Amino acid sequence: MYVSLYGERSDIKPEGEYFTITPEGIWQHQEISSLSRGIMDAFERLNMKSLQLLFESADQFWNTLEGSDFNIMHAGLDPEALCSRDEFNNAVLGIIDNETKRLLYYYSIRHYNHVAQNIVNHIIVSLGDAYAALAAPNLYENVPLDLQLTGAGETYRNTVSPLGFRIWTNFNFCIEKIVSFLDFSTKYVTDLSNIKPGMTSWKSKASDVSFGKWKHAPLAKGTPLCELSDELRLIMSLRDETVHNGTIDHFSRVYEHASAEKVVRRFVLMPDYQRGRLLTAGGRKRFYSQDNHLNAILPDILSKIFTDILTSLDQIDDKITPKWDDLKAYEEKCPEIFAALKIAEEENVFMKFIPNDKK
């Protein structure tokens, strides 16, 4: 099953862009999903580079980890870490071992890495859900299509319905979260840039950093994200509208092109813009002379931004020289786990870990 950018369902692959459902039940855009996987891989490579910057060898990392307390290392980051703020503060005051401090730093910045990846997953799922909803047979649960007729033959109408709200909610989410992703990526790259040989501080220096500081991070200099593309400017403009002014369309309408009872296609309107900025006059920002359809242009916007993100991360990875002679030593500590993870990734299967406290 395929869904076009206008919500047209088909069993035959369309000529233009489309979404298709995966075995996991996710409606995905092929190019965006491919870029997202590349972004995930890039973050994992940077994670390995951070370990090499912080620890002299894989053995030093594993030995430090084995002597650490999970609840302390993950306190304030992971809901499964059973440690209060006061307990954490008291514990870190007593740490004198520099390797343990660097391990704390590693988990602090890895948190930014994981948050960024998690946001990408949310964007992919929410984007697909928006187009799946756009392709629903009927946006009204209790109003048959024949009762929605507004005229004979070809007609256009707008609808305001709970499912329409969900379509707009998912679009708004993607717009807002791409900026959140950039914020957390900037925090991560900033802290990655701050790693110095023999450092003894365990605290992140980037908790208040946002994407506006990207170009100031030493490792980020010269990357594509240092120069805002028109696509990214537009996303940031739309994000400001959704955050500060409620929604892009204050009625959250979905427009339908209908032929008699049949809905041919659907779209949502987006305000006029030029070079990435909404056109404004006298405090008004919602002019609609350009006939822009958000559903038609959002995938291309996200593809461009994701491409710049991936290229930037790859360039940052290239700037960091590997320090460990043999990366296999990292996996040799727990070969069964890494082998299982690799198989699970290749076969796309569910994997369950069962804690075992037996000695």
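Restricting attention to region 130-144, which residues are over 24 Å from the mean Cα position of the chain (by Cα) and not polar (S, T, N, Q)? Outline the logic, then answer.
We begin by selecting, within region 130-144, every residue over 24 Å from the mean Cα position of the chain (by Cα); these are 136-144.
Hits for region 130-144 are Ala136, Pro137, Leu139, Tyr140, Glu141, Val143, Pro144.
Given the structure, is Leu104 more than 30 Å from Thr307 (Cα to Cα) and buried (at least 18 other Cβ atoms within 10 Å of the Cβ)?
Here the answer is yes, as Leu104 does meet what is asked.
Among the residues of region 218-232, what is the count of those that are more than 19 Å from Leu302 (Cβ to Cβ) and either in contact with an Asp or Glu (Cβ under 7 Å, 6 or more places away or on another chain) or open to solvent by less than 20 Å² (accessible area, probe 1.4 Å) (or both)?
Qualifying residue count, region 218-232: 1.
Within region 115-137, track down each residue that is in a loop (DSSP other than H, G, I, E, B) and open to solvent by less than 40 Å² (accessible area, probe 1.4 Å).
Matches in region 115-137: Ala135, Ala136.
Considering region 280-327 alone, what residues qualify as being of a type in the set (Ser, Thr, Tyr), farther than 19 Å from Val268 by Cα and either without any contact (Cβ under 8 Å) to a residue 40 or more places away in the chain or in contact with a His (Cβ under 6 Å, 6 or more places away or on another chain) (or both)?
Thr280, Thr321
Residues being at pLDDT 65 or above, open to solvent by 80 Å² or more (accessible area, probe 1.4 Å) and in a loop (DSSP other than H, G, I, E, B): count how many of those fall in region 332-349.
Matching residues across region 332-349 total 1.
Taking region 18-57 as the search range and keeping residues that are among the acidic types (Asp, Glu) and modelled with pLDDT under 95, which one is farthest from the chain's Cα centre (by Cα)? Give the derivation first.
First pass over region 18-57, keeping only residues among the acidic types (Asp, Glu): 24, 31, 41, 44, 56.
Keeping just the survivors that are modelled with pLDDT under 95 gives 24, 56.
Working: Glu24: 18, Glu56: 32 Å.
Only one residue tops the list, namely Glu56.
Residues are listed down the side, and each one gets a yes or a no for (1) within 17 Å of the chain's Cα centre (by Cα); (2) surrounded by fewer than 16 Cβ atoms within 10 Å (Cβ to Cβ):
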residue	(1), (2)
Gly151	no, yes
Glu154	no, yes
Lys187	yes, no
Leu192	no, no
Ser210	yes, yes
His216	no, yes
Leu234	no, no
Ser237	no, no
Gly246	no, yes
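Which condition from (1) modelled with pLDDT under 95; (2) in a helix (DSSP H, G or I); (3) not hydrophobic (A, V, I, L, M, F, W, C) is the one that Asn158 breaks?
Answer for Asn158: the failing condition is (2).
Using beta carbons and a limit of 8 Å, which pairs, at least six apart or on different chains, have the first residue in region 134-158 and of a type in the set (Ser, Thr, Tyr) and the second one in a loop (DSSP other than H, G, I, E, B) and open to solvent by 60 Å² or more (accessible area, probe 1.4 Å)?
As it stands, the answer is Thr155/Leu149, since those pairs meet every condition given.
Of all the residues that make up region 162-185, how many are open to solvent by less than 10 Å² (accessible area, probe 1.4 Å) and closer than 30 Å to Leu46 by Cβ?
Within region 162-185, the subset open to solvent by less than 10 Å² (accessible area, probe 1.4 Å) is 164, 167-168, 171, 174-175, 178, 181-182, 185.
When the remaining residues are screened for being closer than 30 Å to Leu46 by Cβ, the result is 171, 174-175, 178, 181-182, 185.
Residues that pass the stated criteria total 7.
Name the single residue that is modelled with the lowest pLDDT among those in region 288-331 being open to solvent by 80 Å² or more (accessible area, probe 1.4 Å), of a type in the set (Asp, Glu) and outside any loop (DSSP other than H, G, I, E, B).
Selected residue: Glu331.
When residues of region 248-274 are filtered for being surrounded by fewer than 14 Cβ atoms within 10 Å (Cβ to Cβ) and under 17 Å from Ile301 (Cβ atoms), how many remain?
So the count comes out to 1.
Across region 233-255, what is the number of residues that are at pLDDT below 95, within 30 Å of Asp146 (Cβ to Cβ) and touching a strand residue (DSSP E or B) at 6+ places or on another chain (Cβ under 7 Å)?
Looking only at that region, the number is 1.
The values are calculated or read from the model by the stated rules, or taken from the named source; none is laboratory data. Treat the numbers as computed from the prediction; the structure is a model and nothing was measured. Neighbour counts are summed over all protein chains in view; Cβ atoms, including those assigned to glycine, are modelled from backbone coordinates with ideal geometry. All accessible areas refer to the heavy atoms of the entire protein, side chains included, with ligands and DNA or RNA removed. Shrake-Rupley method; radii C 1.70, N 1.55, O 1.52, S 1.80 Å.
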